[in-house]
Every structure is written in structure tokens, then in C-alpha cells.
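One structure below.
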Ligand code: ADP
Ligand code: MG
């Protein structure tokens, strides 16, 4: 048979490249919200208010009272790889901010209609910019606005039909949004968070600035969970890590597992650690019951690689097995402590 002729290799159009890259970082409304929350926290906000419509697919709006964005930066702030946080690659070793890639706003602007209204403490008024594919659609305009930044994301994935179709359920997206903001609220009790559906006066999440971790566990996960938790901590100098958190004990089984894990203040997914710890609890809880765990790990930034994936959801760190063991030990100790009499009783 005659070989067919080879396909022609061509360079992709830049907007196509950007839209594909954006889809990797922003997979659903909850990812976008996580990026925006982290930006607000990086900007030292003490109040973060989120409003959504249709699970964030129609509208995802976040208002903070942080530093704001300088008017001069508004032209490039949504371009890819523009950031105020990272200068040299080596800075990643000591990065204190959530952001560093300068990709979140750019990505969002490639897959949604994006508006920024922002006011710094030195400017007499706020400025508004609307963006498309990384660029301002028209010159920024002065407008009324409070100190801080408001980011308005509308019609997410309007230009990515496949993604829009795969995110069929606004209810499901709303649950994921609520989950992300709830976890950040528990971890950041000095910041007041609000989540509400547009035109709904009852917020889904509301915490006050200057509350405690337990206050926020109570207001978000309920009084029963708040009553069930006790502090847990451990650290190790040679492994260069410390952990603090709250855990439910053996006397307070939960119907659903609740697991909040932060590494260096970043909400992360660590399936390995989660499974290990849930396994520990199975020895102490009735069958089919689960723990509540909120753990905040601080690991020497030089030992953590946050640059594994653009969503930064996954982080790798040195001495992972030893650290997991140490955490497991601390939790087990608390569980045996509270359950000692029962174990003794069943053994005799
Ligand atoms: P990164 O966070 O990685 O720097 P982003 O695309 O998320 O990248 O944001 C780009 C830049 O926009 C940030 O470096 C910051 O200077 C500015 N910025 C974004 N959101 C806010 C905000 N809520 N308040 C103040 N500045 C912000
Ligand atoms: Mg960011």
C-alpha cells in the first residue's frame, strides 16, 4: 500500500495555546475561587466576600479589602507570567506568598469575562478594567469603589464548550466552592469570610475577623463538630517540620469524613496522608464512622516543592514518609489516651 503523506506541523495560534493552558489551571469554578482567595490573602485582606450565581458558572465575584492593585499595573496584570511576587527562580525556596506564577488572572481572562475594580490606599478613587484574553478591552476608567480589590468573573468557560458541558450541575459546583471557602475560613480565623448566592440574603458561610479556629469550625461544621475536636500538635527538628491542628477523638464519630490539610498555609490534597490517618481511626471508631481532621503543617520551604502542578494542589516534600509517621503517631497517642479505659475493659 502507498504510504499516506505526513501531516503538516504548525505552530499553534497564541490564543489557542493560552486557552488550553488556562483550562489546565482553571478546571472548575472552585479552582478559580481558590486562586482568587489566595490573591486576596496575599494582598493582606482581613475581609473577603464572595458572591456566586449558578455555582460560579454564571458569576463568581470576590471583594477584598487588601492592598489593591496599582493603576499602572492594570494594563499587564492579566497577562501570563506577570506577578508582583516572584523575581528569581531561587525565590521559590523561600516564597511566602501563595502566588508566584502570575497565571491565575491571565488564565481566567482566557476562559471568562473578567472585570477588576481596585483601589489602593494612595489613590483618590478606584479604577475599573475589563479583560479578554489577557488584555484590557479598553483603557481603565476611574470609578467609585472601596479600598481593596473586586474581581468579577462572568460566564466561565463561555468559549470552552466541552468544559461547559462537563460541568452540568451548578449545585455540585456550589458545594465545591463552599468547601474551598470553608476550609480557608477555618485556617484563617483572623480574616472574615462570607459566601452568598446572589440575591440570597442568608450567607452560606460567614465568619468574623478575629475569631478562632474553633469558632470557625463551629460556625461552618456545626456545634457538634466543634465540641468534638481537641488540639493536636507535633514537631521534629531534624525533619524540619511542625504540625498543629484539631482532631475529633474516639468518643465523637462523624457520619462523614472531614479532612482539611494545609501545608505552609496552602490548601492541598494529600490522598496518602488522608488514607493513612483514616486507617488509624478505623481502629477506634465504630464501623462506617469517620474523623474530623484539620491539620496545618509547616515544613521548611526549602524542603517543599510547590511547583509540581499549575493548580499547586499537589505539593511534594522531603522526608514525606517520616513526617507522615510522626503525624500518625501524634494522632494515635491522642486516640489511645482518650480510649484507654475502653481498650483495657475489652481486653480483660
Ligand atoms: P500571582 O498570584 O501568581 O502573582 P495572579 O495572576 O494570581 O498571579 O495575580 C497577578 C498579580 O495581580 C499579583 O501578583 C498581584 O500583584 C495582583 N493581584 C491579583 N489579585 C489581587 C488582589 N486581590 N489584591 C491585590 N493584588 C492582586
Ligand atoms: Mg495568584
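Please treat every number below as a calculation from the coordinates, not as lab data. Note that the structure is a prediction, hence the values are computed from the model and not measured. FYI the Cβ positions are ideal-geometry reconstructions off the backbone, even for glycines, and counts take in every protein chain you see.
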Compute the label zone of residue 81 within the stretch 98-116: residues whose backbone N is under 20 Å from the point 7 Å along Cα-to-Cβ. 99-111
Could you check the simple spin-label distance between residue 147 and residue 163, using points 7 Å along Cα→Cβ, in nm with one decimal? 3.5
Grab the beta carbon distance between residue 13 and residue 73, set R0 = 22 Å, and tell me the FRET efficiency rounded to 0.05. 0.25
What is the extension gain from residue 265 to residue 298, computed as 0.36 nm multiplied by their sequence separation minus the C-alpha to C-alpha distance, in nm to one decimal? 11.1 nm
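Find, to one decimal place in angstroms, the Kirkwood hydrodynamic radius of the stretch 135-232, where the mean of 1/r is taken over every pair of different Cα atoms and then inverted.
Details: mean 1/r = 0.0607 Å⁻¹.
Hydrodynamic radius (Kirkwood, Cα only) of the stretch 135-232 equals 16.5 Å.
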Only helices counted: for the chain, with every DSSP H run of 4 or more residues adding -39500 (n - 2.57) and the sum spread over all residues, [θ] at 222 nm is -10000 deg cm²/dmol
For the stretch 1-149 the translational diffusion coefficient, Stokes-Einstein from a Kirkwood Rh over Cα pairs at 25 °C and viscosity 0.890 mPa s, in µm²/s, is roughly 147
Cα extents of the chain along the three principal axes, largest first, in whole Å? 78, 71, 41
Rounded to 5, the percent of DSSP beta bridges in the chain classed as antiparallel: 80
How far is helix 320-347 tilted off the main Cα axis of the chain, in degrees rounded to 10, range 0 to 90? 40
For the pair residue 256/residue 242, report the inter-label distance in nm, with labels modelled 7 Å from Cα in the Cβ direction. 3.3
Among 88-98, 176-186, the order from most to least packed when residues are scored by Cβ within 10 Å on average: 176-186, 88-98
Once the Cα gyration tensor of the stretch 203-277 is found, what semi-axes does its equivalent ellipsoid get, as square roots of 5 times the eigenvalues, in whole Å, sorted largest first? 23, 16, 13
Against the longest principal axis of the chain, how steep is helix 271-282, in degrees 0 to 90 to the nearest 10, with axes from Cα atoms? 30
Order of 302, 80, 196 under a 10 Å beta carbon neighbour criterion, fewest first: 302, 196, 80
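Rank these for me by crowding, 173, 138, 79, going from fewest to most other beta carbons within 10 Å. Don't jump to the answer; show the numbers that get you there.
On the way: 173 22, 138 8, 79 18.
The most exposed by this proxy come first: 138, 79, 173.
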Put in order of increasing Cβ neighbours within 10 Å, starting from the fewest, 121, 78 give 121, 78
If I take every Cα pair under 8 Å that is 6 or more residues apart in the chain, average their sequence separation and divide by the length, what percent do I get for the relative contact order? 14
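For the stretch 28-76, report the translational diffusion coefficient in µm²/s to the nearest whole number, using Stokes-Einstein at 37 °C, 0.692 mPa s, and a Kirkwood Rh over Cα pairs. Can you show the working numbers first?
Values: Rh = 11.6 Å.
So the translational diffusion coefficient is about 283 µm²/s.
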Take residue 21 and residue 321, extend 7 Å from each Cα along the Cα→Cβ direction, and tell me the distance between the two endpoints in nm. 3.7
Modelled label reach - residue 336, point 7 Å along Cα→Cβ, the stretch 266-299 residues with backbone N closer than 18 Å: 277-285
